Amino acid sequence: MASAPWIDQDHIRFMLEKCETWAVVGLSGNPHRTAFRIAEFLQAKGKRIVPIHPDAPTVLEQRGYATLADVPFAIVVVDVFRRSEAAGEFAAQAVAVGAKGVWFQLGVVDHDAFRRTTEAGVPMVMDTCPKIEWPRSDWER
């Protein structure tokens, strides 16, 4: 059975192996939220986490920013924890700020955003989670 085009193992491997700075859209300081737990996981794996939240809180000892455009350094991956109907705008913003990858979390799907993002030359993964994919990767072994 062929997998969906947005579950591309080469793109997943690229983001997990090569991309160090991850902007996490929707990351707040609530440790009970999935975004917090996944950001904590990524940080434990050596990734630099950049919280993106309208309130711009400091989370996991990292300064937050209200928008992707407010971040004064290069963002490599934009990891989106928003409902599917709101997620597409963050894919467009990721392309605009020069991100090298976009990751929509488990349950977040926007086919039009996937088309636009990949047509712009930016790899995109949807409807899965780095914490799920990390053990599936053979690059760390």
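Just to be sure before I move on: is ALA69 farther than 22 Å from THR34 by Cβ and either buried (at least 18 other Cβ atoms within 10 Å of the Cβ) or of a type outside the set (S, T, N, Q) (or both) in the structure I sent?
Numbers: farther than 22 Å from THR34 by Cβ: yes; either buried (at least 18 other Cβ atoms within 10 Å of the Cβ) or of a type outside the set (S, T, N, Q) (or both): yes.
It is true that ALA69 is farther than 22 Å from THR34 by Cβ and either buried (at least 18 other Cβ atoms within 10 Å of the Cβ) or of a type outside the set (S, T, N, Q) (or both).
Is there a residue being closer than 17 Å to CYS129 by Cα, basic (Lys, Arg) and surrounded by 15 or more Cβ atoms within 10 Å (Cβ to Cβ) anywhere in segment 15-33?
Scanning segment 15-33 turns up no residue that is closer than 17 Å to CYS129 by Cα, basic (Lys, Arg) and surrounded by 15 or more Cβ atoms within 10 Å (Cβ to Cβ).
Considering segment 116-141 alone, what residues qualify as being assigned to a helix (DSSP H, G or I), surrounded by 14 or more Cβ atoms within 10 Å (Cβ to Cβ) and not hydrophobic (A, V, I, L, M, F, W, C)?
If we filter segment 116-141 for residues that are assigned to a helix (DSSP H, G or I), which is where we start, we get 116-119, 130-136.
Okay, now just the ones that are also surrounded by 14 or more Cβ atoms within 10 Å (Cβ to Cβ), so 116-118, 130-131, 133-134.
If the condition is that a residue be assigned to a helix (DSSP H, G or I), surrounded by 14 or more Cβ atoms within 10 Å (Cβ to Cβ) and not hydrophobic (A, V, I, L, M, F, W, C), then ARG116, THR117, THR118, PRO130, LYS131, GLU133 are the ones that fit.
Taken together, the values in this text are just the output of simple stated rules run on the coordinates, not laboratory data. All values derive from a computational prediction rather than experimental measurement. Note that we place each Cβ from the backbone using ideal geometry, even for glycine, and neighbour counts take in every protein chain shown.
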